[in-house]
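> This is the structure I have questions about; it appears just below.
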Amino acid sequence: MEIVFENVSFSYLYGTPLQVDALKDVSTTIKSKKINAIIGPSGSGKSTMIEMINGLILPTKGIIHVGKHNLRKNIRIVNSNKLRFDIGVVFQNPEEQFFQKTVRKEIEFGMKYFKYKVDQIEKRTIDALKMVGLDESFLNRDPFKLSGGEKRRVAIASVLAFNPEVIIFDEPTNGLDTTSKEMLIKLIKLLKNKYGKTIIVVSHDVDTLYKFVDNVIILSNGKILAEGNKYDVFRNIEYLTEHGVKVPQIVEFIHKMELKTGKVVGNIDDVNDLIKEIYQNV
Ligand code: ADP
Ligand code: MG
């Protein structure tokens, strides 16, 4: 599902100061069936963008096309239920989205809300748990009494279970160990490649993002600083650095290597592949 921002601005009113212009005339496209990253320092407007895609807040100016939904100021979202069914959000802090007493109820909630059939609910619950690497013994556990990594997995499972077309992950790798990060990357790639999902990942962690995303949108102070496929965007090392955006280590390393050796290494996503490439050439 394609998501198009057309000259979208958003201001929070009645805050301190009285008005915060969180997004300023943003036009961009989130690509269908790709992994899209929204990157930017704290306060740059990432969460505001996500909340607008989800219909939680409406633009102060401009319009957002989320598939067939058109979101603009002063509309009542005619199909707000349908929008919520299309867009699944895994929030930054899983606790924020938990409100059930067991993992099973937590995962079932979305499907019940969207009126899935009982036998489907049972099957999809177990499938979703498996996809995030948890077994059935978790079903009767209290979601609030799990480890950080397990909570994150349950939060993801409860979104996967109702099968939205777009899945948004807000800072999904925060606080995860290396193994859980790798699991998450595999899962996100699977969601794109096997299930054709449109994925949006919000993160500061450019080194991890670079391994698996397709497109990036870089926000700075409510505006788009750069966007496009990750190779093109991160090629502009100086420009990004000047604007305080961290460039993935692998990109810097390849750039230095190319300068030093005069040979073009090209686009490589993962350090392991880079090492292989280097070994082949010594
Ligand atoms: P990010 O997710 O990139 O950290 P946000 O979208 O949360 O950024 O915030 C963008 C700007 O809007 C920031 O200046 C932030 O302080 C402000 N902001 C966010 N939420 C509110 C709110 N509820 N009321 C007033 N200002 C807000
Ligand atoms: Mg945020």
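> Please list 3J(HN,Hα) in residue order for the stretch 225-231, calculated via the Karplus relation 6.51 cos²θ - 1.76 cosθ + 1.60 where θ = phi - 60°; whole Hz, with x for glycine and proline.
8, 7, 7, x, 6, 4, 5
> Counting pairs of Cα atoms in the stretch 65-215, how many percent are more than 25 Å apart?
28
> At 1.4 Å probe radius, can you tell me the per residue accessible area of the chain in Å²?
That works out to 53 Å² per residue.
> On the Cα set of the stretch 1-143, report Rg and Dmax in Å, please.
17.8, 52
> Give me the percent of Cα-Cα pairs in the stretch 126-214 that sit more than 23 Å apart, rounded to a whole number.
19
> In addition: So what J values fall out for the stretch 48-60 if you push phi through Karplus, 6.51 cos²θ - 1.76 cosθ + 1.60 with θ = phi - 60°, rounded to Hz, Gly and Pro as x?
Taking θ as phi minus 60°, the curve returns 4, 4, 5, 5, 6, 4, 7, x, 5, 10, 10, x, 6 Hz for the stretch 48-60.
> With the Cα gyration tensor of the chain in hand, convert its eigenvalues to equivalent ellipsoid semi-axes via √(5λ) and list them largest first in whole Å.
Values for the chain, descending: 32, 27, 16 Å.
> Sort largest first and round to whole Å: the equivalent ellipsoid semi-axes of the stretch 178-282, each the square root of five times a Cα gyration tensor eigenvalue.
Three semi-axes, in Å: 24, 21, 11.
> Please list the three semi-axes, largest first and in whole Å, of the ellipsoid equivalent to the stretch 229-268, using sqrt of 5 times the eigenvalues of its alpha carbon gyration tensor.
For the stretch 229-268, the semi-axes come out at 18, 11, 8 Å.
> On to the next question. Going by amide H atoms built from the backbone, whose H comes under 5 Å of the H on V201, apart from near neighbours?
HN-HN under 5 Å from V201: N36, A37, I38, F169.
> Please list, ordered by chain and number, the residues whose modelled amide H lies under 5 Å from the amide H of S11; skip anything fewer than 5 residues away on the same chain.
Close amide H contacts, sequence-distant or interchain: A22, T60.
> For the stretch 146-282, what % of the accessible area comes from carbon and sulfur atoms, probe 1.4 Å?
Of the solvent-accessible surface of the stretch 146-282, carbon and sulfur hold 50 percent.
> Over the Cα atoms of the stretch 35-99, Rg to Rh with Kirkwood Rh, two decimal places?
0.97
> OK, next. Quick one: dipole size for the chain, taken about the Cα centre, charges +1 on Lys/Arg Cβ and -1 on Asp/Glu Cβ, in debye to the nearest 20.
Roughly 860 debye for the chain.
> Next question, about the same structure. Run through the DSSP bridge list for the chain and note the antiparallel percent, rounded to the nearest 5.
60
> How much mean residue ellipticity at 222 nm does the chain get from its helices, if each DSSP H run of length 4 or more adds -39500 (n - 2.57) and you divide by all residues, to the nearest 500 deg cm²/dmol?
Dividing the helical sum by the residues of the chain leaves -12000 deg cm²/dmol.
The values are calculated or read from the model by the stated rules, or taken from the named source; none is laboratory data. Note that the coordinates shown come from a computational prediction; the quantities given were computed from them, not determined experimentally. All Cβ positions, glycine included, derive from the backbone under ideal geometry; neighbour counts span all protein chains shown. For accessibility, only protein heavy atoms count, side chains too; no ligands or nucleic acids. Shrake-Rupley method; radii C 1.70, N 1.55, O 1.52, S 1.80 Å.
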